[in-house]
Amino acid sequence: MRIVRLLSLFLLSAGALNAQVRQTPTKGAEPTLPNAEVKQDVVYTFDVARPVELFDAVADGSLWFAVDVFGVNKTITINGVHNETQYSQFSPLSTQISPNGKYMIWMGITHTFDQQSFNTSTTTVFRHDVGKKTSDSVLSVHADHDMLYFSQQGDHWAALMPASNVKQEPPRDLAVVDGRVVASGNPNPKMFTFSPDASTWAYRSRDGRDENLITPNGKQTLFQRATDDPIIIKNEPLVMRFSPDLRFQDYGLDGRDFDFMLRNVATLYSTSYINKKHDTTLQYIVYGGKRQLYSRWIKDILIAPQGKHIVYFASDTTTGSASNRSVVVKDGNIIAGPYESSWRLFMSPSGEHIAWTVQEGNGISLYLDGKKIGSVGEFMVIRWSNDERTIAYATSDSHEKIYVVAGGKRSTIYDRIGRLGISADAKTVEYMAVKYDKLLHVKQRF
């Protein structure tokens, strides 16, 4: 399954030094569930000497990729066609299938050094569309630690491609939209943002003490830091904005410390931005013009696409208990908890249903609309049916293998799994999965 970024930037920016620290649960007994009726078709056989390191696929198998590794070299296979070119690295942050599943962008990174031993890593960017046998080459530049972004509907993509080395000559620090370089020379680029209609864009850049906003109209200085060191916590009044326009993959919203045409924005504030007061600082959300409850920390903010509901995890401050305990907050009201610690939060497409996983005792439990469903693992993804009356989910066992649960029945175990898809009649869940050296197309009955 796709590897998802930890959404911790907003916690640091708002001074949340007391953010929740999750404890690894004890590996206990697996939940006893009946076996599901499963049909598996072999789609591809991998080289057993080259284990799969990164994998994703749309549910019907029309687009899938697998990155394998042999020694220090890695190669990629897309829809059964193996690319023989060897790369040093494929990052899950820059090799992804688009949200609409119609194409993928992948970036192969080659780590090299010049005669002065300066890092000259090269990133080569490709696009692969559904139905094509080969990938189209987009560009190749000296860059490293690349980040890939998609517009809300997935029709457009962008990449921020930082310089390989501080002494690298121009062109460097590139911003790319749909394969075209739209900006360069702005160091430490981050937080690329499409406007809701994807007609324009913005991103952030840190140049020494200057925190800048880059748009097609040029550069604007947002504020200036007290020091050049970006790691030291400052007293600067940063606030983070969250919007369904910034949804990242299956759960979680990316925060932005600038306002850029975002819709249904929830703003995260801190009661103090003075460094020496961090131990007593509280956080709160303002949404729909109303301030919500104070908390030691807030995380995993989700907002319905139409802005009707907002949900997030917050620290339990109602009983004076330790800040590691968590509650679930929906529309400004605590609806569940406290729990020992929180893990994942999910919202249905309409925002009318929510699910969450939390630690209870030595294990992790799944709740759906306040009702406990059962025990699950640390890995967790959920898919709702079209009418949102039914869910299917994938989770992990005590050996970090993955299985799918639908209708209270479970599949066999797999090593990796792609996106889940539920049929229109909500009787079948479909997905691609890797087991040993086989790629399988699976249809599982509810």
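Considering only Phe379, Phe192, Phe55, the mean-square fluctuation computed in a Gaussian network model of the chain, springs between alpha carbons under 10 angstrom, is largest for Phe379. Computed from Cα atoms alone, the Kirkwood hydrodynamic radius reported for the stretch 287-446 is 16.8 Å.
Annotation for Thr112 and Arg291: the two label points, set 7 Å from Cα along the Cα-Cβ direction, are 5.7 nm apart. Using the Cβ-Cβ distance between Ala226 and Glu169 with R0 = 30 Å, the FRET efficiency computed as 1/(1 + (r/R0)^6) comes to roughly 0.45.
Gain on full extension, evaluated as 0.36 nm per residue between Glu388 and Gln40 minus their Cα-Cα distance, stands at 122.7 nm. Note on the stretch 354-383 and the stretch 98-170: Cα centroid distance 36 Å, given to the nearest whole angstrom. Loop-resident trypsin sites (Lys or Arg not before Pro) (DSSP state other than H, G, I, E or B) in the stretch 334-409 with no more than 13 further Cβ atoms inside 10 Å of their Cβ: Arg389.
Using the beta-carbon distance between Leu139 and Glu378 and R0 = 30 Å, what value does 1/(1 + (r/R0)^6) give for FRET efficiency, to the nearest 0.05? The calculated FRET efficiency here is 0.20. Taking 19 Å as the limit for the C-alpha separation, the pairs Lys372/Lys409; Lys133/Lys401; Lys102/Lys132; Lys371/Lys401; Lys102/Lys190; Lys190/Lys219 exceed it in the case of Lys133/Lys401; Lys371/Lys401; Lys102/Lys190. Over the stretch 85-144, the alpha carbon radius of gyration divided by the compact-protein estimate 2.2 N^0.38 Å works out to 1.27. The residues packed around Lys74, meaning those with a beta-carbon under 11 Å from its beta-carbon, carry a net charge of -1 if Lys and Arg are +1 and Asp and Glu are -1.
Label-to-label distance for Asp210 and Leu33 is 5.4 nm, based on points extended 7 Å past Cα in the beta-carbon direction. For the chain, taking Cα atoms only, Rg and Dmax work out to 22.4, 63 Å respectively. The residue list Tyr294, Val52, Phe313 was ranked by how far each Cα lies along the charge dipole of the chain toward its positive end, using unit charges on Cβ atoms, and Tyr294 comes out on top. Going by the alpha-carbon gyration tensor, a ≥ b ≥ c the square roots of its eigenvalues, is the stretch 29-91 rounded (a/c under 1.5) or, if a/c is not under 1.5, prolate (a/b greater than b/c) versus oblate? Prolate, since a/c reaches 1.5 and a/b exceeds b/c.
Each value in this text was obtained by applying a stated rule to the coordinates, not by laboratory testing. The model shown is predicted, which means the values in this text are computed figures rather than measured ones. Quick reminder, even Gly has a Cβ in these numbers, built from the backbone with ideal geometry, and neighbours come from all protein chains shown.
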